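The values are calculated or read from the model by the stated rules, or taken from the named source; none is laboratory data. Bear in mind the structure is a predicted one, so any value in this text is a computation, not a measurement. All Cβ positions, even for glycine, are placed from backbone atoms using ideal geometry, and neighbour counts span all protein chains on display.
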Ligand SMILES: [Zn+2]
Ligand SMILES: [Zn+2]
């Protein structure tokens, strides 16, 4: 698979000193996608069809609601709910007609499957996923192709664990076959060094709450709990990344 390279954002990211520049870029991707569906594009018939068809996941519906644009949101929710009810009409009828436990259970199972299918395919998650794949691909590709990028990456703070594993997977397509093991080993060394650093900061933070350490310096560990959690889980994650 050959993806479009995202050189500028990835280069900016690697130089930013962030704990995971992929998290930062995904935050931007999310805002862009949310703003798109809050803007005038919602009135575009093609966009409306896609919204009715796919909708949004619970957290992205909530993000759209939080933006406080009731007019546009009511239009989208109106036709999305209409489409949803249309799709569910038969299984709702089956639910109300079910006779006996066995038939009721079967109707509930069919209905549940339909609901879960309806909840999948969030348009914001899908837009973010496309960008995520390009950022990861570009990172792995530039690691091999540009020595200057590789040097900058190796002195960066690495990635959150979630994006680290996705980067390793994406590297299978972006890095040539003979260098994939070197890519995995080098990225793992970078990640391990940075996990060691976070672990030291986090442990020091716990020590600072002890009375005997009252006069000691924080040494930049004041926010280590936050950085530790973010490093483990990542921010702005999409549902079911490839
Ligand atoms: Zn991340
Ligand atoms: Zn979503």
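Would the stretch 107-118 turn up any residue that is closer than 30 Å to residue 162 by Cα and in contact (Cβ under 8 Å) with a residue 60 or more places away in the chain?
yes
Would you check if residue 14 is in the same structural domain as residue 156 (by TED's automatic domain parsing) and buried (at least 16 other Cβ atoms within 10 Å of the Cβ)?
Numbers: in the same structural domain as residue 156 (by TED's automatic domain parsing): yes; buried (at least 16 other Cβ atoms within 10 Å of the Cβ): yes.
So residue 14 passes the test.
To keep it simple, each residue is scored yes or no on (1) part of a helix (DSSP H, G or I); (2) closer than 30 Å to residue 152 by Cβ.
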residue: 4; (1), (2): no, yes
residue: 11; (1), (2): yes, yes
residue: 14; (1), (2): yes, yes
residue: 18; (1), (2): no, yes
residue: 46; (1), (2): yes, no
residue: 60; (1), (2): yes, no
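Give all pairs with beta carbons closer than 7 Å in which a residue from the stretch 42-59 that is in the same structural domain as residue 75 (by TED's automatic domain parsing) meets a residue that is assigned to a helix (DSSP H, G or I) and within 16 Å of ligand 1 (Cβ to nearest atom); count only pairs at least 6 apart in sequence or on separate chains.
57/125
Identify, please: which residue in the stretch 209-242 is free of Cβ contacts under 8 Å to residues at least 40 places away in the same chain and crowded, with 16+ Cβ neighbours inside 10 Å and is, among those, farthest from ligand 2 (Cβ to nearest atom)?
221
Can residue 121 be described as part of a helix (DSSP H, G or I) and either under 19 Å from the mean Cα position of the chain (by Cα) or surrounded by 15 or more Cβ atoms within 10 Å (Cβ to Cβ) (or both)? Before you say what the answer is, go through the steps one by one.
Values: part of a helix (DSSP H, G or I): no; either under 19 Å from the mean Cα position of the chain (by Cα) or surrounded by 15 or more Cβ atoms within 10 Å (Cβ to Cβ) (or both): yes.
Judged against the criteria, residue 121 is not a match.
Looking only at the stretch 66-106, count how many residues are farther than 19 Å from residue 41 by Cα and either in a loop (DSSP other than H, G, I, E, B) or not assigned by TED's automatic domain parsing to the domain that holds residue 34 (or both).
Residues in the stretch 66-106 being farther than 19 Å from residue 41 by Cα and either in a loop (DSSP other than H, G, I, E, B) or not assigned by TED's automatic domain parsing to the domain that holds residue 34 (or both): 3 in total.
Are there any pairs with C-beta distances below 7 angstrom linking a residue in the stretch 69-86 that is more than 13 Å from residue 53 (Cβ to Cβ) to a residue that is crowded, with 16+ Cβ neighbours inside 10 Å, with the two at least 6 apart or on different chains, and if so which?
Note: pairs meeting the criteria are 69/38; 72/38; 72/42; 73/64; 75/42.
Given the structure, is residue 130 under 30 Å from residue 178 (Cα atoms), surrounded by fewer than 19 Cβ atoms within 10 Å (Cβ to Cβ) and free of Cβ contacts under 8 Å to residues at least 12 places away in the same chain?
For residue 130, the condition - under 30 Å from residue 178 (Cα atoms), surrounded by fewer than 19 Cβ atoms within 10 Å (Cβ to Cβ) and free of Cβ contacts under 8 Å to residues at least 12 places away in the same chain - is met.
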